[in-house]
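What follows is one structure encoded as structure tokens, with my remarks underneath.
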Amino acid sequence: MAVHAHPDDESSKGAAMMAKYVAEGVDVLVVTCTGGERGSVLNPKMDRPEVWENIAEIRRAEMDNARAILGVEQAWLGFVDSGLPEGDPLPPLPEGCFALEDVQVAAQPLVRLIREFRPHVVTTYDEEGGYPHPDHIMCHKVSVEAFDAAGDPERYPEVGEPWQPLKLYYDIGFSKAKIMALHEAMLEAGLESPYGDWMKRWDDRPDKGLRVTTRVECGEYFPVRDDALRAHATQIDPDGFWFHVPMDLQRRAWPTEDFQLARSLVDSPEPESDLFAGVREAVAAG
Ligand SMILES: [Zn+2]
């Protein structure tokens, strides 16, 4: 089960990993906390009044396409996008949005889904949300609350029989080592690197790469990830720099998607290369 804040997050964070596990026969459920109603239109070709007027509906249809491309199931938690506040001072969050919900209220439908779908492994974002969007931070809080409560018969008794997932991971999308590897591979290939400026901005930030416990080899599925991303046509500029980094170069420079093991109820020595390490053995042993 992969818990995400908005439609499109599942295609930019851990998408190739999911496609790989789907190909191996794993049932994968993407949970999308909000409808992405306050997302902007980031593709200039889609920046038209009729798109803005129907944004919620369009984003649902985009999510359907991405779901089919990734081969996953998908469920909505039904909360309202908080939007990314901008300005100084930051404006208050809009009333009724996901990030202002009580964590226990917002975790209840996720506990229900965990008890219905019965996942062994759950992925979400780290405590900073991966990047500091209020919905991403809330997604982290709700996921941790639900992971810890779903197996407890005393908690949320109104939403189904207890089920305890065995591992919880945080998605670690970018590390300094990964950006550096891609940057150097671009320069070596004689291509202009879009990563140089990015690295400079990163100098004063802690390196999330230090938290990585688990690298899942999934380069074969990078094209599936890109197709799923493009399905979110309002959110992704198909001419954006992501799509200019040659596929063979990406696979050579950094063929994995990376995660931090945050909770484990099974034995699995680190570093890991499989989110299900220790889980298959534990399940087989009953
Ligand atoms: Zn998001």
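Here's the yes/no breakdown for (1) within 16 Å of the ligand (Cβ to nearest atom); (2) modelled with pLDDT under 95:
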residue: Ala19; (1), (2): no, no
residue: Met46; (1), (2): no, yes
residue: Pro49; (1), (2): no, yes
residue: Ile55; (1), (2): yes, yes
residue: Asp81; (1), (2): yes, no
residue: Glu86; (1), (2): yes, yes
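Scanning the range 251-265 for residues that are in contact with a Leu (Cβ under 8 Å, 6 or more places away or on another chain) and surrounded by fewer than 17 Cβ atoms within 10 Å (Cβ to Cβ) yields Arg263, Leu265.
With respect to the conditions (1) at negative phi; (2) touching a Lys or Arg at 6+ places or on another chain (Cβ under 8 Å), Gly83 falls short on a single one, namely (1).
For the range 1-17, a residue qualifies if it is within 16 Å of the ligand (Cβ to nearest atom), of a type in the set (A, V, I, L, M, F, W, C) and either free of Cβ contacts under 8 Å to residues at least 40 places away in the same chain or under 24 Å from Met247 (Cβ atoms) (or both), and the qualifying residues are Ala2, Ala15. Scanning the range 215-230 for residues that are out of contact with any Ser or Thr (no Cβ under 7 Å at 6 or more places or on another chain) and more than 13 Å from Val245 (Cβ to Cβ) returns Glu220, Tyr221, Val224, Asp227, Arg230. Checked against the criteria, Arg205 counts as without any contact (Cβ under 8 Å) to a residue 40 or more places away in the chain, more than 17 Å from Val121 (Cβ to Cβ) and among the basic types (Lys, Arg). Screening the range 161-177 for residues that are in a loop (DSSP other than H, G, I, E, B) and within 20 Å of Ala2 (Cβ to Cβ) and picking the one that is modelled with the lowest pLDDT gives Phe174. Take the conditions (1) touching a Cys at 6+ places or on another chain (Cβ under 7 Å); (2) buried (at least 23 other Cβ atoms within 10 Å of the Cβ); (3) within 18 Å of Gly129 (Cα to Cα); Asp8 misses just one of them, which is (1). Selection of the range 147-160 for residues being in a helix (DSSP H, G or I) and of a type in the set (Phe, Trp, Tyr) yields only Phe147. Taken together, the residues in the range 213-254 that are closer than 16 Å to Ala15 by Cα and not in a loop (DSSP other than H, G, I, E, B) amount to 22.
Evaluating Asp227 against the criteria (1) of a type outside the set (Val, Ile, Thr); (2) surrounded by fewer than 15 Cβ atoms within 10 Å (Cβ to Cβ); (3) over 26 Å from Val144 (Cβ atoms) leaves one unmet condition, (2).
Taking the condition over 16 Å from the mean Cα position of the chain (by Cα), under 21 Å from Ser273 (Cβ atoms), surrounded by 18 or more Cβ atoms within 10 Å (Cβ to Cβ) and not aliphatic (A, V, I, L, M), does Gly219 pass? The answer is yes for Gly219. Counting residues in the range 57-72 that are within 13 Å of the ligand (Cβ to nearest atom), of a type in the set (Lys, Arg) and touching a residue at least 60 places away in the same chain (Cβ under 8 Å) gives one or more. Inside the range 169-202, can you point out the residues that are in contact (Cβ under 8 Å) with a residue 40 or more places away in the chain and on the phi > 0 side of the Ramachandran plot? Residues satisfying the conditions do not exist here. Residues of the range 30-85 that are more than 18 Å from Lys13 (Cα to Cα), part of a strand (DSSP E or B) and in contact with a Cys (Cβ under 6 Å, 6 or more places away or on another chain): Leu77, Phe79. How many residues, within the range 191-212, are within 20 Å of Ser12 (Cα to Cα) and either in a helix (DSSP H, G or I) or modelled with pLDDT of 95 or more (or both)? Looking only at that region, the number is 6.
For Val144, the conditions (1) in a helix (DSSP H, G or I); (2) β-branched (Val, Ile, Thr); (3) under 23 Å from Ala16 (Cβ atoms) are fulfilled apart from (3). Pairing each residue of the range 29-40 that is within 12 Å of the ligand (Cβ to nearest atom) with any residue that is assigned to a strand (DSSP E or B), provided the two are 6+ apart or on different chains, yields C-beta distances under 6 Å for Thr32/His4; Thr32/Trp76; Cys33/Leu77; Cys33/Phe79; Thr34/Phe79.
The values are calculated or read from the model by the stated rules, or taken from the named source; none is laboratory data. Bear in mind the structure is a predicted one, so any value in this text is a computation, not a measurement. Neighbour counts run over all protein chains shown; Cβ positions are idealised from the backbone, glycine included.
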